[in-house]
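The values are calculated or read from the model by the stated rules, or taken from the named source; none is laboratory data. Everything quoted here is computed from the prediction, not taken from an experiment. So basically every Cβ, Gly included, is an ideal-geometry build from the backbone, and we count neighbours across all protein chains shown. These area figures cover heavy atoms from the full protein model, side chains too; ligands, DNA and RNA do not enter into them. Shrake-Rupley method; radii C 1.70, N 1.55, O 1.52, S 1.80 Å.
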Amino acid sequence: MNLHARYPALSDLRARARARIPRFVWEYLDSGTGVEATKARNRTMLDRVLLSPSILHGEIAPDLATTLLGETYTLPLGIAPVGMSGLIWPEAEHHLARAATALGIPYTLSTVATVRPEDVGPHLDGRGWFQMYPPRDEGIRADMLGRARKAGFSVLVLTVDVPVASRRERQVRSGLTTPPKLTPRLMAQVARCPVWAMGMAGKGLPRMRLIDDYAGAVKGLPSTKHAGYLLRTSPDWDYLRWLRAHWQGPLIVKGVSRAEDATALEKEGVDAIWISNHAGRQFDAAPATIEALPGIRAATTLPVIIDGGFEGGLDILRAVALGADFVMMGRGWHYALGALGAAGPAHLADILAQDLKANMGQLGLHRVADAPSRLSGLP
């Protein structure tokens with residue numbers, strides 16, 4: 001089967017995934033919070049970034065390789081953390097970790113994944129990123145860091161834009177709880193998705209295994225306020241300093257949207273800034289990440305990573321043109337899994353690579369990093 005003929009864009013993978021996973025799972029993956037204005041704004045503002053094509057540039061052989069934090073990746077993008085990834089598609093974390101290693105891009109495991117760091121670390125060749133929701137207890141915190149390091153994770157990502165649970169009304173309406181409980185209503189949805197159901201049948205519905213190690217089994221919580229909130233705190237600057245002192249490796253702070261915060265983070269010894277509005281899932285009056293990018297780029301000399309609504313290679317070039325060093329995607333990789341199973345991530349990576357090359361040819365760019373020279377319109 002020619003996958004590019006049937007699924008030439010991420011939108012095609014999204015449409016097929018929606019038909020192959022239960023509705024309550026789809027709502028968990030695809031929804032934002034509020035009226036989803038922030039989610040929509042991410043896409044709208046990306047479309048306002050204009051680049052100028054060039055002419056008479058001769059043959060172009062685009063080089064997509066990108067160096068970040070001392071590592072060279074084959075593409076200027078990676079896999080962002082998604083909580084309860086294994087609910088979206090059976091063994092999602094394993095599929096994504098293996099794909100990332102094969103593709104030569106970073107994979108970020110969430111604290112609230114359905115597997116432990118020890119489960120996927122062996123697939124990551126020592127180059128995995130571990131995303132931490134900040135545990136309140138110092139002993140748990142230290143143990144979690146030690147486990148991530150021992151499992152082979154080399155980069156720590158502290159998420160700072162989830163101080164409280166958001167409402168995520170679409171997700172609540174779906175009937176999903178954490179851990180998931182199959183009510184008759186949800187069972188009817190599962191029955192319509194046999195491939196998903198068969199994949200889940202052997203192991204049962206997934207749980208947050210790392211969180212369970214510390215919190216034990218907690219039942220009946222709404223899906224927007226899972227067991228992890230029993231452990232988590234809203235970090236402050238002293239918390240960040242503790243992490244910096246106890247993590248011997250690159251430290252990234254994810255969830256930055258203000259230039260002054262980026263400046264302060266650089267002074268605290270952070271190694272990279274990750275601009276994110278949590279894909280519109282936390283706060284519905286946040287600026288689009290691409291809007292925040294120019295100010296943050298001007299405020300720091302650190303590498304700048306960005307996520308938020310990215311769908312193709314052209315979007316990646318837009319971000320680089322405005323000063324980003326690297327792009328991360330979360331939902332897209334899970335649309336790919338939902339559409340094609342284990343084959344999905346490699347196909348999505350090829351879609352993105354081919355789109356990058358096609359647009360770089362139009363722009364006359366040999367390297368992704370040269371995209372700022374083609375910027376002609378701001379969001």
Subset of segment 108-161 [modelled with pLDDT of 95 or more, in a strand (DSSP E or B) and more than 16 Å from the chain's Cα centre (by Cα)]: PHE153, SER154
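For segment 80-102, how many residues meet the condition of being assigned to a loop (DSSP other than H, G, I, E, B), within 18 Å of ARG18 (Cβ to Cβ), within 15 Å of the chain's Cα centre (by Cα) and at pLDDT 95 or above?
1
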Residues of segment 24-48 that turn out to be open to solvent by 30 Å² or more (accessible area, probe 1.4 Å) and either among the hydroxyl-bearing types (Ser, Thr, Tyr) or over 21 Å from the mean Cα position of the chain (by Cα) (or both), as a count: 3
Residue ID - nearest to HIS246 (Cα to Cα), chosen from residues in segment 182-196 that are open to solvent by 30 Å² or more (accessible area, probe 1.4 Å) and touching a residue at least 12 places away in the same chain (Cβ under 8 Å): LEU182
Verdict on ARG41 being modelled with pLDDT of 95 or more and either farther than 28 Å from LEU293 by Cα or among the β-branched types (Val, Ile, Thr) (or both): no
Residue check, PRO81 surrounded by 19 or more Cβ atoms within 10 Å (Cβ to Cβ) and under 26 Å from PRO303 (Cα atoms): yes
Residue within segment 236-257 that is of a type outside the set (Phe, Trp, Tyr), open to solvent by less than 50 Å² (accessible area, probe 1.4 Å), in a helix (DSSP H, G or I) and modelled with pLDDT under 90 present: no
Residue match in segment 316-323 (condition: touching a helix residue (DSSP H, G or I) at 6+ places or on another chain (Cβ under 8 Å), surrounded by fewer than 24 Cβ atoms within 10 Å (Cβ to Cβ) and over 18 Å from LEU293 (Cβ atoms)): no
Hits in segment 120-134 - residues which are touching a residue at least 40 places away in the same chain (Cβ under 8 Å) and surrounded by fewer than 19 Cβ atoms within 10 Å (Cβ to Cβ): ARG127
Filter result (open to solvent by less than 30 Å² (accessible area, probe 1.4 Å), modelled with pLDDT of 95 or more, not in a helix (DSSP H, G or I) and not aliphatic (A, V, I, L, M)) within segment 270-308: TRP274, SER276, ASN277, THR300, ASP307, GLY308
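Please go through segment 1-23 and pick out each residue that is farther than 17 Å from ALA92 by Cα and either under 18 Å from the mean Cα position of the chain (by Cα) or assigned to a helix (DSSP H, G or I) (or both). Quick ask: steps written out before the conclusion?
So the first thing to find is which residues in segment 1-23 are farther than 17 Å from ALA92 by Cα, and the list is 1-12, 15, 19, 23.
Result: LEU3, HIS4, ALA5, ARG6, LEU10, SER11, ASP12, ALA15, ALA19, ARG23.
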Pairs with Cβ under 7 Å, 6+ apart, first in segment 135-155 and more than 17 Å from SER234 (Cα to Cα), second part of a helix (DSSP H, G or I) and open to solvent by less than 40 Å² (accessible area, probe 1.4 Å): ARG147/PRO117; ALA148/PRO117; ALA151/PRO117; ALA151/GLY121; GLY152/GLY121; PHE153/PRO117; PHE153/GLY121
